[in-house]
Amino acid sequence: MPHAKTPKQTQPLWKEWDYKAQKKGVRSTVYSVNGDEYTGEWLDNKKHGKGTQKWKKTGTLYDGDWKVGKRNGFGTLSIPHEEGGYKRIYSGGWKNDKRHGYGTNFYSAEEYYEGEWYADKRSGWGRMYFADGSIYEGEWYNDERNGQGMLRLATDNRYEGSWKDDQKNGPGKFFYLDKGQMYEGVWVDNIAKCGNITDFGRDGAPEPTQYPIPEIKLADSEAALREAEETFLPEQD
């Protein structure tokens, strides 16, 4: 009985040409119509793997990981330096083209943030160094100080306590180490509303107050303080 030979199935030529034209694997620099440049790995016509992108309009440079056409993984973002070359703006995690995870962002030569990010905003734990020499270390949400944190000033005086909407809000302590005093109480929008101030390390302070704080003679000072604080604390809910 004669053997019937099954004819080989062939794809239309346009499919073969389209497959060969697709960008995949490592490619040399590819230029976009607007002048942007990308050098690196591709998958199915999308940036995927390791690669470097340069935007012509701004000169911004990204070097790092890509996934399905977007910055995902670890990468560094830099901008042209006035004196030539590049200066780093951000180095850390990315997700869907946004800063995400742990990373360091440089706002200026004197100001930078290192910590956690969520969808391009400081969220989670982080430390911010300010140009005036102060340092904040603590919780962030939606690009603002929210939660528990410590602000240490250039004088070494510091605040430890609650934050909301980038301001001191709720219970907190402020240590006046230069004077040898400590304030403990409730804050509302960066203003100390109600609390108690006591001597704290006054003997070793560089500029102590002339006289120590006198003893409170109120019959039940703690109860009076609690009652006063309760008038402000509900505002923090």
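The values are calculated or read from the model by the stated rules, or taken from the named source; none is laboratory data. Small disclaimer: the values here were computed from a predicted structure and weren't measured. Cβ: placed from backbone, ideal geometry, glycine included. Neighbour counts: every protein chain shown. Accessible surface is based on the protein model in full, side chains and every heavy atom, while ligands, DNA and RNA are left aside. Shrake-Rupley method; radii C 1.70, N 1.55, O 1.52, S 1.80 Å.
Residues within the reach of a label modelled at A205 (point 7 angstrom out along Cα to beta-carbon, backbone nitrogen below 20 Å), restricted to the stretch 161-180, are 161, 172-180. Computed from phi, the 3J(HN,Hα) profile of the stretch 58-73 under the Karplus parametrisation 6.51, -1.76, 1.60 (θ = phi - 60°) reads 9, x, 5, 10, 10, 10, x, 8, 10, 8, 6, x, 10, 6, 9, x Hz, with x in place of Gly and Pro. A cut-off of 5 Å between modelled amide H atoms, ignoring neighbours fewer than 5 places along the same chain, links L177 with N157, R158. Highest mean packing comes first when the peptides 34-40, 111-117 are listed by Cβ atoms within 10 Å, giving 111-117, 34-40. For the stretch 22-106, carbon and sulfur atoms together expose 51% of the accessible surface, with a 1.4 angstrom probe and every protein chain in place. Here the stretch 167-211 exposes an accessible surface that is 49 percent carbon and sulfur, computed with a 1.4 Å probe and the other protein chains kept in place. Taking a Cβ cut-off of under 10 Å around G35, the surrounding Lys, Arg, Asp and Glu residues balance to a net charge of +1, with basic ones at +1 and acidic ones at -1.
The alpha-carbon atoms of the stretch 28-133, seen along their principal axes, cover 46, 33, 17 angstrom, with the largest extent given first.
Just read off the accessible area of H100 with the full protein assembly in place, 1.4 Å probe, to the nearest 10 Å². Probe radius 1.4 Å; accessible area of H100 about 50 Å². Distance between the 7 Å Cα→Cβ label points at W125 and S108: 2.9 nm.
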